[in-house]
Amino acid sequence: MSILINGLAVALPDDPRVSLLDLLRQGLHLSGTKKGCNQGACGACTVLVDGERIVSCLALAVQYDGRQVTTIEGLADGDALHPLQQAFIDHDGFQCGYCTPGQICSAIGMAAEAKRGVPSHVSADLTADVTLTREELQERMSGNLCRCGAHNGIIDAIRETLKSEIDTAEMAA
Amino acid sequence: MSIVDTLKETAQGLVQGAMSKLVPLAPDSWIPGGVPDPLIRQQHGLIGTSVSRLDGPLKVRGAAPFAAEFPLEGMVYAALAYATIPRGRIAAIDTAAAEAAPGVVLVMTHLNAPRMNTPAVFGSSPTAAGPADLPIMQDDRVHWNGQPIAVVLAETQEHADHAKSLIVATYAAEPSTTSLAAAKAEGPQPGLFMGQPLLNEIGDADAMLAAAPHKVDHVYRTPRHNHNAIEPHAATIAWVGDELIVHDATQLVTAEAQTIADVFDLKAEQVRVTSPFVGGGFGGKCLWDHQILGAAAAKLAGRPVRITLTREGVYRVVGGRTLTEQRVAIGADADGRFKALVHTGIAAMTPHNNMPEPFILGTRGGYAADSFKLSVETVKMNMLANTFMRAPGESVGTFALESAIDELAVELDMDPIALRIRNEPDKDPTSGLPFSSRHIVEAWRSGAARFGWDERSAEPGTRREGEWLIGMGCATGTYPYYRMPGAAARITLRRDGHALVEIAAHEMGMGTSTTTAMVAADRLGLPLDRVSVGYGDSIIPGTILAGGSQQTAAIGAAVIAAHHALVAELLKLAGNDSRLAGLAPDEVGSEDGGLAKLDDPTRRESYVSILERAQRESVVVSEEASQPLELMHWSMHSHSALFCEVRVNAVTGETRVSRFLGAFDCGRILNPKTARSQFRGGIVMGLGMALMEETQFDERNGRIMNPSLAEYHVPVHLDVPEIDVIWTDIADPHTPMGAHGVGEIGITGVAAAVANAIYNATGKRVRDLPITLDKVMI
Amino acid sequence: MTPFTYARAEDAADALRLGQASAAAYLGGGTNLVDLIRETVAKPSALIDVTGLSSEIEETEGGGLMIGAAVRNTALAEHLAVRTRYPVLSRAILAGASAQIRNMATVGGNLLQRTRCTYFYDTDGSRCNKRAPGSGCDAIEGFTRGHAILGASSACVATHPSDMCVALAALDAIVHLHGRGGARTLPFTELHRLPGDHPEFDTVLEPGELVTAIELPPMNFAANSTYRKVRDRASYAFALVSIAAALEIEGGVVKDVRIALGGVAHKPWRASKAEAVLRGGPATEQAFRAAAVAEMADAQPLRDNGFKIELTKRTLVAVLGDLSGAAA
């Protein structure tokens, strides 16, 4: 009975009330994953489970037995930042930095969804290949609130990081 | 408000009154900023270059420690229970089940809370930071619906939260005022802001309005707002012997430490407040009940406490922006010149605080007019104390004023930009002071050209693409340049040529730590990597509030003062063997890692050399900034020209902002990268205010009914267009570095620009915020 | 949160067995239930995790789809058969919540999510008949922007918050259930109730009864279907009004039509009156308007939501107009 968190096996909590978010923050001192609302309304607690983005505040840790969880602490390769982390710095995709880990994890999950062909609310054609236009990125990232108003920088950072994938898709479209 | 407060405010008013008569008449050279800061002229420094946030790597790794992320040995977790009536007494509170619940350490109520003094309410002294003039959990009184009535401490947050839900309180309700209509019926009172009356009367505005050939006269309404920083308020608190440590998320470490010390009868130095990272503030991250309750509970338990407000708790404990009802009436002649400018109305506040939303501040210096009548009156409601929220006054005041100007432009059949420029004043129209720096017309011209304003049709409802009606609107934003007294800086220059600059300031995302390093590096003549910045800690000398967009100026002036002291100290150490020997501090400046004579740079010596020769490891200076007399000598403001394009759905009334441009006149921009983000951030919050934000206050019982990020809407990614930002970059000759703070100017005017664009798109004039689709459906 | 036990069900039978405990609740993705427990609106003593049940989407013999209750919202929205044959369902799901929540939420759980009425959520400070039967309703004279205009009662004016369910109501979906008495099926439109005197019951499910699957019957013309959601911000907000519709036109005449409304009632509102007006009649804007007017004839506004009546009419006319354009 354990969860793999950034590659390390962690025992499930005894108390089933403990959310995945509180397990990370209280139990493991992995406080990079943030608590903004604790009700699934802000996205600050976004982590990746088997590569899919979820809000960890609404996830009871006991439900994730045997799953692989990646948090913001698991993205960088030692001293080398993940390209998206660097792009957030380059494009000033944050101010206070509190929503940032969630935005970054969410964007990584989003890229995988787009690659898989998952359409979005703003996709005109549900069956076409996904082209990550600015509007598509905005819709797909709308589950992550930012109150400092760094939205432009965040989208710019994601666009730059996914540039090769976007270009390929646009050429194919 | 208590009699004591009234006396204090009167006293402050008297002193300020005397000063305000003398300072304007003094020669410029006696005034800080009277001699331009040499850094304004410097061409090849860091100032003006785009520097990425120095704390960026920490933040993108999730490694920046926020207030709720300091682990302490033996720490317990707190949960709060809240009152459910607006006014009355707690008749009984049953905590037995909570105390018996698993993991519970204790339950604190007014019955067992330590005795504490009432925190001094903000504004009653320079270091007072209390949210209201109310004791905290000292008696059975309930003053607002949502007031904390109990604190549970438990071994885990889950235990604390559960136990809190088991507390049962019964109340003896007393008559309360929770509707605006009832509050108005009790009679408005004159508004006082920072001890000064919110009232200006110049000429007979009523008569001139009546006589004017063209006029508009309407009432505009703005609702309550909440800051909604994504980081909920939190503090990790420990008593270490007689000392109290508060790891907090706060915008005022020093004032908070002093106020908490007074609450617990401690000396200021017995309380240390740290705040290294603040997850968004916007005026909301100040001292509220939770830090004091956390400290009291920690004292009672003898263990460290982590108190994190739930999102609901933030709405119950931390006040927001209050509602306003504003009348704006403008009378103009046929050329559009203002004969009368009337901006009056009411703001709701509580019997226990002193924050009347000062919505006329921006109107005081905005436009020339032959007569003025400006006033804010307050009505009292039984509710949580309202407070500052990003550009208090100007955010909502500019909505009314700049909407009214747009309405007048329609009435006059005149371009709204031309109308504004026609009424451009040559000196401050209400104070009579000269402007320190005002280039709003340039901002208008460059912004209009870049935005393509000339493509706008003045006729509403004439541009349509499918279901979407397209319109453009504009508005002026304005926010004062402030610099508050009490700032200080401490510089530690080491023999290895590295400088540590410490300021009791705050990093809430504005980029303060980065910009301070840049400014200090240029001031000291050091490269950026030789300067480190310490901040967010009350043990650092001085008092700097992260508010009023004044941090940059306060830090700038403090660093100037400390640098001056450093030069004097280094000259002493340099002694007679130096090429600097015999020079006075005023003859010497910093450059290239050392000191040099200003008019003869060959007479120089490096810091390293001075310290080595003096056999000193380091030299430390600490100095307080000059008094901000410049604020009484010049009229000092930032400005913006805002352009908005909206698409309004003709079927549903939904509004989408498709383009936005802000052209800013805010002195010299220190770090374009972070400044652009500040401007954009303000604009995004303004878009929220324009279209969706409202704190739902149930007038039947004073309860906030949407205390959540699901029900209180802030803009999401899809609501935010690409926001274009440009600036004049003209230095204000009378400020440190020629700069202005830029944290609040961004939000001002935005709601009006949106409303005016919606009018242009649809012909529908909405005077109530937020402009939700039901108000626009046509 | 009130303490609870947690058990993971191996299959439907296991879930049913575990689910007979008093105050037991089935747990899907947790996106609504965990929130309700945290807010102490719900206080189950046992959670039965049913995410291990069927998460398959299979073709039925009749040419429809059988969707396991544990299918995640994203998986359903992205399924090619859904995108091509029932686009209204993909679009409804994609219009709901956020991507993170759609990745967690299950189909079964989505059906059983509870109202977002803020008075329902305010356990400490507000009366609510849905939460505490017989206590009264503080919403009726309070903030009612999100509240019902159709089918409400003096006991409750709450709305059902799901987007997906609006599409299912339009698609004649069938709910597969397992309970003490064995398996049964139910037309989707009969799953949710109107509040009447008992708003504490959102659905007609028996205690311990489990949703095991949703069946979409074949509906060829559903390929011409869509979902339009009107809300207070561009994304990540509950509907003020939403429309799910499928339209079949032949020779300028409405051959068949399905319409359901969201955000207007205690249940996903099948617009049968509008359908009846349209069926067999001309596919004109005038007819669309008449249908909308007929459906809204009994609408009752509250303090804040009167605009929804006209908004629903206009949005419905626009949606039908778009679908008739696409069908032509």
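A short reminder: the numbers here are calculations on the coordinates, not readings from a lab. Just so we're clear, the structure is a prediction, and the values are computed from it rather than from any experiment. Note: ideal-geometry Cβ built from the backbone for every residue, glycine included; neighbour counts use all protein chains shown.
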Checklist outcome for this item: Most fluctuating of C:311, C:261, C:240 in the GNM of chain C (C-alpha, under 10 Å) is C:311
Next on the checklist: Longer than 31 Å from Cα to Cα, which of B:373/B:764; B:21/B:673; B:380/C:130 are they? Say none if no pair is.
Outcome noted: B:21/B:673; B:380/C:130
Checklist outcome for this item: Compactness check, the stretch C:285-328: C-alpha Rg relative to the 2.2 N^0.38 Å globular estimate gives 1.27
Checklist entry - Can you give the average number of partner chain beta-carbon atoms within 10 Å of each beta-carbon in peptide A:8-17, as a whole number? => result 4
Next on the checklist: At 7 Å along Cα-to-Cβ for each site, give me the label-to-label distance between residue A:50 and residue A:28 in nm.
Outcome noted: 1.7
Item to check | Size descriptor, Kirkwood hydrodynamic radius, that averages inverse alpha-carbon separations across the stretch A:15-173, Å | outcome: 16.1
Checklist entry - When only C-alpha pairs under 8 Å and at least 6 residues apart count, what is the relative contact order of the stretch B:41-147, in percent? => result 30
Item to check | Value of relative contact order over the stretch B:115-260, rounded to a whole percent, pairs C-alpha under 8 Å and six or more apart | outcome: 25
Checklist entry - What residues have an amide H closer than 5 Å to that of residue B:372, excluding those fewer than 5 places away on the same chain, when H is modeled at 1.01 Å from N in the peptide plane? => result B:202, B:203, B:205, B:341
Checklist entry - In terms of the Cα gyration tensor, with a ≥ b ≥ c the square roots of its eigenvalues, is the protein assembly as shown rounded because a/c is under 1.5, prolate because a/b exceeds b/c, or oblate? => result prolate
Next on the checklist: Quick check: pseudo-label points 7 Å beyond the Cα along Cα→Cβ at residue B:584 and residue B:528, how many nm apart are they?
Outcome noted: 3.7
Item to check | Amide H contacts under 5 Å for residue B:701, placed H, 5+ residues apart | outcome: none
Item to check | Förster radius 30 Å - calculated FRET efficiency between residue A:77 and residue A:116, Cβ distance, rounded to 0.05 | outcome: 0.80
Checklist outcome for this item: Pseudo-spin-label distance residue B:138 to residue B:496, built 7 Å along Cα→Cβ, given in nm, is 5.0
Item to check | 5 Å-binned pair-distance histogram of the stretch C:154-199 (Cα, whole percent) | outcome: 5, 18, 21, 19, 20, 14, 3, 0
Next on the checklist: Sort B:454-462, B:361-369, B:43-51, B:252-260 by packing, meaning the average of other beta carbons within 10 Å per residue, with the highest value first.
Outcome noted: B:252-260, B:361-369, B:43-51, B:454-462
Next on the checklist: Let me confirm one metric for peptide A:60-68, namely the mean number of other chain beta-carbon atoms within 10 Å of its residues' beta-carbons.
Outcome noted: 3
Checklist outcome for this item: Of B:114-125, A:83-94, B:682-693, ordering from highest average Cβ density within 10 Å down gives B:682-693, A:83-94, B:114-125
Item to check | Directionally averaged shadow of chain B, computed from the convex hull of its alpha-carbon atoms, nm² | outcome: 33.7
Checklist outcome for this item: Each residue of A:105-118 has, on average, a number of other protein chain C-beta atoms within 10 Å of its C-beta equal to 2
Checklist outcome for this item: Long-range alpha-carbon pairs in chain C, meaning those over 34 Å apart, account in percent for 21
Next on the checklist: Tell me the Kirkwood radius of the stretch B:157-216: reciprocal of the mean inverse pair distance over distinct alpha-carbon atoms, in Å.
Outcome noted: 17.9
Checklist entry - How high is the relative contact order of chain B, in percent, counting Cα pairs under 8 Å that sit 6 or more residues apart? => result 17
Item to check | Residue of C:188, C:238, C:201 that the Gaussian network model of chain C assigns the largest fluctuation, springs spanning Cα pairs under 10 Å | outcome: C:201
Item to check | Cα-based reach from residue B:597 at 20 Å (exclusive), listing lysines while leaving out same-chain residues under 8 positions away | outcome: B:572
Item to check | residue C:285-residue B:202 FRET efficiency (beta carbon distance; Förster radius 51 Å; 0.05 resolution) | outcome: 0.35
Checklist entry - When the helices in chain B are scored as -39500 (n - 2.57) per DSSP H run of 4 or longer and the sum is shared across all residues, what 222 nm value do you end up with, to the nearest 500 deg cm²/dmol? => result -8000 deg cm²/dmol
Checklist entry - Can you give the angle from 0 to 90° between the axis of helix A:100-116 and the longest principal axis of chain A, with both taken from C-alpha atoms, to the nearest 10? => result 60
